[in-house]
Amino acid sequence: MNTPTYLHGLRLPTWLEVPRDAAGLTDIHIAGGYITGLSPSAPQAPQGSWPVGGALAMPLLVDAHTHLDKTFTRARLSDIQPGLLNAIQAMVRDQALWTEADVRERASQGLQWAWEAGVGRLRTHCDWREQPGREPMAWKVLLELARQWRGRMDIDCVNLAPLPCYASRDDALSLARRIARDSDHACLGAFVHTSNWDADALGHLVRAAADTGLLLDLHVDEELAPEAAGLATVARLARETGMRGRIVCGHACALSAMPREQALRILDEVADAGIRLVSLPATNLLLQDARTGYTPRMRGLTLVQEARQRGIPVLLASDNVQDPFCASGSYDPLEALGLGALAAQLGDVFDDWSQAVCRRDWLDTDVGAPLRAGMPADLLILPAASHAGFPSRAWPRLVLRRGVFVSSVPAGSAVSAMPAAHIH
């Protein structure tokens, strides 16, 4: 049996509004795969409960920005020159090798890794360089995988199109309507950069999303050009088109290269527009300020602390995994959190910044609190981790999905009384 009905003595992050005892511990009651109640931890473990001894626990993870179509291609590529645009060129060359079977095999491996890491929600971008009226082969594959994984992991797909794809109002609406046909799993997206800057095209894109009811998820200002105007323009358009709270912007590295006063003014506009930000520590640290034989002086991260100070939801995510853009990675958002905590010098990582990798309501506006009665009993327990060192020693981890443990329980751990279950 691997189906608990009462978890005793969990140490949950303080950003979660749950009952706690004087030591900060919580008990969770489970029935039929759902949470039936949360209470301050009982002084003694009740009969039949599963004592976890104060182990750290949190909601299932959210990987808010990935690229399943490109993943695991790095091993078959030759040397790649440093920098974002060189990585794009290498990826375009590799696309000649893509088949449906190839994309499906690589993407499926990525999803399996995410499943094992405890990801409950994943968003993947799909490179979209086709002419209007056509769609890339990988798009079909990713949508099929999203449907196949339904009930196990929620997967969104975003078309990552160059901004010129939206150069005309008609082209923008046509592409948005095509994406809207897959709205259960799809968001409208684009790559917004000084190399393809077109303010009119960006306006067509945002208005097309508003007209079709789509959410927007954009790669914006992934560069260290102080003159980059993508994020500021998106914020203005969000207010003008009624898209407030319906836009996610990834990267926004250019903020870190701007004069501080200018960057903070833009963040004020982003906050007013209800835009969510996603920072991608591994890829941005690797690709920004990158030159052969040169130690980078700029980190490439957006201003995550200043954004949070303004109430802007900030997520951290895996981004590229073992592809031309980043040779490392494993679809584990806790890796992104650990790297981001060091690079951005974040404060209390467990009690505060852990929400950057597991708050679904920071990715979608129509979901409620992560842990409450009536929700599926989905939980991540980290028996070897400590509050002070989090997210170090985040393995082994116990993944509870719909009230059933789907990961192995390490012998001798604080929860060794729990029976083992294989990884699905």
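The values are calculated or read from the model by the stated rules, or taken from the named source; none is laboratory data. Owing to the predicted nature of the structure, the values given are computational and were not obtained by experimental measurement. Cβ sites come from the backbone with ideal geometry, for glycine too, and all protein chains shown count toward neighbours. Each accessible area value is taken on the protein alone, full model and side chains, heavy atoms only, with ligands, DNA and RNA left out. Shrake-Rupley method; radii C 1.70, N 1.55, O 1.52, S 1.80 Å.
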Of all residues being at pLDDT below 95 and within 18 Å of GLU306 (Cα to Cα) in region 346-383, which is most open to solvent (accessible area, probe 1.4 Å)? Just the residue, please.
GLY347
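For region 305-321, give me each residue that is open to solvent by 10 Å² or more (accessible area, probe 1.4 Å) and either at pLDDT below 95 or in a helix (DSSP H, G or I) (or both). Reasoning before the result, please.
Taking region 305-321 and keeping what is open to solvent by 10 Å² or more (accessible area, probe 1.4 Å), we get 305-306, 308-311, 313, 318.
Residues satisfying the conditions are GLN305, GLU306, ARG308, GLN309.
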Sole exception among (1) at pLDDT 95 or above; (2) surrounded by fewer than 21 Cβ atoms within 10 Å (Cβ to Cβ) for ARG134, by number
(1)
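Select, from ARG207, ARG152, ARG181, the only residue that is crowded, with 16+ Cβ neighbours inside 10 Å and basic (Lys, Arg). Steps first, please.
Numbers: ARG152 fails: crowded, with 16+ Cβ neighbours inside 10 Å; ARG181 fails: crowded, with 16+ Cβ neighbours inside 10 Å.
Answer to the selection: ARG207.
Going through LEU25, LEU10 one at a time, which residue ends up being touching a Ser or Thr at 6+ places or on another chain (Cβ under 6 Å), hydrophobic (A, V, I, L, M, F, W, C), open to solvent by 10 Å² or more (accessible area, probe 1.4 Å) and within 25 Å of ARG359 (Cβ to Cβ)?
LEU25
Give the residue that is surrounded by the fewest Cβ atoms within 10 Å (Cβ to Cβ), with candidates limited to residues of region 84-111 that are of a type in the set (Gly, Ala, Ser) and modelled with pLDDT of 95 or more. If you could, list the steps in order and put the result at the bottom.
Looking only at region 84-111, we keep the residues that are of a type in the set (Gly, Ala, Ser), and these are 87, 90, 96, 101, 107-108, 110.
Retained after the next criterion (residues that are modelled with pLDDT of 95 or more): 101, 107-108, 110.
Details: ALA101: 9, ALA107: 25, SER108: 15, GLY110: 26.
This residue is ALA101.
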Does ASP154 count as closer than 19 Å to THR212 by Cα, acidic (Asp, Glu) and in contact (Cβ under 8 Å) with a residue 12 or more places away in the chain?
no
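Hey, can you tell me all the residues within region 241-261 that are in a helix (DSSP H, G or I) and either free of Cβ contacts under 8 Å to residues at least 24 places away in the same chain or basic (Lys, Arg) (or both)?
Within region 241-261, the first condition is being in a helix (DSSP H, G or I), and the residues that meet it are 241, 253-257, 260-261.
Answer for region 241-261, where residues must be in a helix (DSSP H, G or I) and either free of Cβ contacts under 8 Å to residues at least 24 places away in the same chain or basic (Lys, Arg) (or both): ARG260, GLU261.
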What number of residues within region 177-194 are in contact with a Pro (Cβ under 8 Å, 6 or more places away or on another chain) and either in contact (Cβ under 8 Å) with a residue 40 or more places away in the chain or in a helix (DSSP H, G or I) (or both)?
0
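Just give me the residues in region 157-183 being of a type in the set (A, V, I, L, M) and within 23 Å of the chain's Cα centre (by Cα), in sequence order. Full working, then the answer.
Going through region 157-183, the residues of a type in the set (A, V, I, L, M) turn out to be 158, 160-161, 163, 167, 172-173, 175-176, 179-180.
Of everything in region 157-183, those that are of a type in the set (A, V, I, L, M) and within 23 Å of the chain's Cα centre (by Cα) turn out to be VAL158, LEU160, ALA161, LEU163, ALA176, ILE179, ALA180.
Among the residues in region 286-303, are any within 16 Å of CYS249 (Cα to Cα) and not hydrophobic (A, V, I, L, M, F, W, C)? So that I can check it myself, show each step before the final result.
Here is the first cut: in region 286-303, the residues within 16 Å of CYS249 (Cα to Cα) are 300-303.
Filter once more, keeping what is not hydrophobic (A, V, I, L, M, F, W, C): 300, 302.
Taking every residue of region 286-303 in turn, at least one turns out to be within 16 Å of CYS249 (Cα to Cα) and not hydrophobic (A, V, I, L, M, F, W, C).
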For region 13-48, how many residues are in contact with a Leu (Cβ under 7 Å, 6 or more places away or on another chain) and part of a loop (DSSP other than H, G, I, E, B)?
5
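Any residue in region 230-241 that is open to solvent by 20 Å² or more (accessible area, probe 1.4 Å) and closer than 21 Å to LEU316 by Cβ? Let's see the steps before the verdict.
Of all residues in region 230-241, those open to solvent by 20 Å² or more (accessible area, probe 1.4 Å) come to 232, 236, 239-241.
Now drop any that are not closer than 21 Å to LEU316 by Cβ, which leaves none.
No, the conditions are met nowhere in region 230-241.
May I ask you to list the residues in region 303-319 that are at positive phi and not small (Gly, Ala, Ser)? Let's see the steps before the verdict.
Just the residues of region 303-319 that are at positive phi, to begin with: 311, 319.
Scanning region 303-319 gives a single hit, ASP319.
Going by the conditions given, is SER183 closer than 30 Å to GLN148 by Cβ, touching a helix residue (DSSP H, G or I) at 6+ places or on another chain (Cβ under 6 Å) and among the hydroxyl-bearing types (Ser, Thr, Tyr)?
The answer is no for SER183.
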Taking region 277-304 and the residues there that are open to solvent by less than 20 Å² (accessible area, probe 1.4 Å) and part of a loop (DSSP other than H, G, I, E, B), the one that is nearest to TRP115 (Cα to Cα) would be LEU280
Please work out which one of (1) touching an Asp or Glu at 6+ places or on another chain (Cβ under 8 Å); (2) without any contact (Cβ under 8 Å) to a residue 40 or more places away in the chain is the condition ARG308 fails and give its number.
(1)
Go through GLY245, GLY213 for me and flag whichever is of a type in the set (Gly, Ala, Ser), closer than 16 Å to PRO313 by Cα and open to solvent by 10 Å² or more (accessible area, probe 1.4 Å).
GLY245
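Do we have any residue at all in region 69-83 that's open to solvent by less than 60 Å² (accessible area, probe 1.4 Å), farther than 23 Å from PHE191 by Cβ and polar (S, T, N, Q)? Show your work before the answer.
In the first step, residues of region 69-83 are kept if they are open to solvent by less than 60 Å² (accessible area, probe 1.4 Å); the result is 69-73, 77, 80, 82-83.
Still in the running and farther than 23 Å from PHE191 by Cβ: none.
No, every residue in region 69-83 fails to be open to solvent by less than 60 Å² (accessible area, probe 1.4 Å), farther than 23 Å from PHE191 by Cβ and polar (S, T, N, Q).
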